[in-house]
Amino acid sequence: MKTPVHKDGHRDATIGTYASYVSGFLLSIILTLAAYSIVVNGYYSSANQALAIISGLAIAQLFVQLIFFLHLGRESKPRWNVMALVFAAIVVIVVVFGSIWIMNNLNYNMKHSDQEIMKDELPH
């Protein structure tokens, strides 16, 4: 399948070819299976090493999705795509770290009695 051609004779750079979709799909499958096999078979020496490897594979998966399926950087003005990506990243960071902050606060409040919390909040 060829890239569609506009009336002015230019090819649409934002739409991928069949080969690019298949290669993106295969890369996604390989990265997913790699992460799965690392966890299931225990190909790591510590939990931190497993976390680092899986995080690296997740970042690689993100770039595969952005390049092969969302066509980031293939159009003539990719600035809007980058701005949307930065905004989405900021939203994800706020949601993730906000959730962690709230869960830690809830965990602290559930572990300590009311008197201990009041003592911690009083000036010394």
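The values are calculated or read from the model by the stated rules, or taken from the named source; none is laboratory data. It should be emphasised that the depicted structure is a prediction, and the values quoted were computed from it without experimental measurement. Here Cβ is always computed from backbone atoms with ideal geometry, including for glycine, and neighbour counts include all displayed protein chains.
Just checking, which of Tyr36, Tyr44 is among the aromatic types (Phe, Trp, Tyr) and at pLDDT 90 or above? Explain how you work it out, then say what you get.
Working: Tyr44 fails: at pLDDT 90 or above.
Tyr36 is the lone residue from the list that is among the aromatic types (Phe, Trp, Tyr) and at pLDDT 90 or above.
Among the candidates Val64, Val82, Val86, which residue alone is modelled with pLDDT under 90 and either in the same structural domain as Ile30 (by TED's automatic domain parsing) or within 24 Å of Thr17 (Cβ to Cβ) (or both)? Write out each step before concluding.
On the way: Val64 fails: modelled with pLDDT under 90; Val86 fails: either in the same structural domain as Ile30 (by TED's automatic domain parsing) or within 24 Å of Thr17 (Cβ to Cβ) (or both).
Val82 is the lone residue from the list that is modelled with pLDDT under 90 and either in the same structural domain as Ile30 (by TED's automatic domain parsing) or within 24 Å of Thr17 (Cβ to Cβ) (or both).
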Count of segment 95-124 residues which are at pLDDT 85 or above and not in a helix (DSSP H, G or I): 0
